[in-house]
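The next block holds one structure in the form of structure tokens; read it before the comments.
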Amino acid sequence: MSNSKEKTRILFVCLGNICRSPSAEAIFKAIAEKAKIPVKVDSAGTSAWHEGEMADNRMRRSAAARGYKLTSISRALRRKDFDEFDMIIAMDDKNYHDIKDLAQSAEEEEKVFRMRDFFVHKQYDHIPDPYYGGEQGFNMVIDLLEDASEGLVAYLKKTKPS
Ligand code: 4NP
């Protein structure tokens, strides 16, 4: 993260990589582009349960209603993600600890964050898993991710001033 013109590479991670993290990827990308912050984004799951699948239908529908197209295909987090990304951002505490367990150095551990670290107005302590709930849960995921994405953009502006 040395040069302000270089893309900051950010990986969003949840459990299945079909609800929260693909949404984080699309929402943050849209908000960063609007703010003209150069980023490369991707997402992954701590599990490989949904490897190769598109995002959950319900999540895609809620995201589309808010103007976000979810295109990513589920994949599992892998060791080389620590080399290929500057920040790895977990949706909840379980994800956070599972990612930290894979880190092999202090430098790798320092790349791991929680999405809640970047909330501006919201006061949740994590991004709740919407998988077993109703439509309201999917909409709340979007609300929380929009707020945290604004905070993440502000963080990048502060840490990578142009
Ligand atoms: P995500 O949601 O971690 O936000 O993608 C889930 C997706 C699938 C499952 C759990 C959570 N599952 O149990 O299959």
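Details
- Selected residue (criterion: surrounded by the fewest Cβ atoms within 10 Å (Cβ to Cβ)) from residues of segment 12-30 that are out of contact with any helix residue (DSSP H, G or I) (no Cβ under 6 Å at 6 or more places or on another chain) and assigned to a helix (DSSP H, G or I): ALA30
- Conditions (1) within 15 Å of the ligand (Cβ to nearest atom); (2) at positive phi; number of the one not met by SER74: (2)
- When segment 97-148 is filtered for residues that are in contact with a strand residue (DSSP E or B) (Cβ under 6 Å, 6 or more places away or on another chain) and surrounded by 16 or more Cβ atoms within 10 Å (Cβ to Cβ), the ones remaining, listed by number, are ILE99, LYS111, VAL112, PHE113, ARG114, MET115.
- Being away from the ligand (no atom under 16 Å from the Cβ) and within 16 Å of the chain's Cα centre (by Cα) is a condition met by at least one residue of segment 99-108.
- Conditions (1) within 11 Å of the ligand (Cβ to nearest atom); (2) without any contact (Cβ under 8 Å) to a residue 40 or more places away in the chain; (3) of a type in the set (Ser, Thr, Tyr): number failed by THR46: (2)
- For segment 61-94, a residue qualifies if it is open to solvent by less than 10 Å² (accessible area, probe 1.4 Å), within 12 Å of GLY45 (Cα to Cα) and either out of contact with any Cys (no Cβ under 6 Å at 6 or more places or on another chain) or β-branched (Val, Ile, Thr) (or both), and the qualifying residues are SER74, ASP81, ILE88, ILE89, ALA90.
- All positions within segment 5-29 that are within 20 Å of ARG116 (Cβ to Cβ) and either away from the ligand (no atom under 16 Å from the Cβ) or modelled with pLDDT under 95 (or both): THR8, ILE10, LYS29
The values are calculated or read from the model by the stated rules, or taken from the named source; none is laboratory data. Just so it is clear, the model here is predicted, and its values are computed rather than measured. Reconstructed Cβ throughout: ideal geometry from the backbone, glycine too, with neighbour counts over all protein chains shown. Just so you know, the surface numbers come from the protein's heavy atoms only, side chains and all, with ligands and any DNA or RNA stripped out. Shrake-Rupley method; radii C 1.70, N 1.55, O 1.52, S 1.80 Å.
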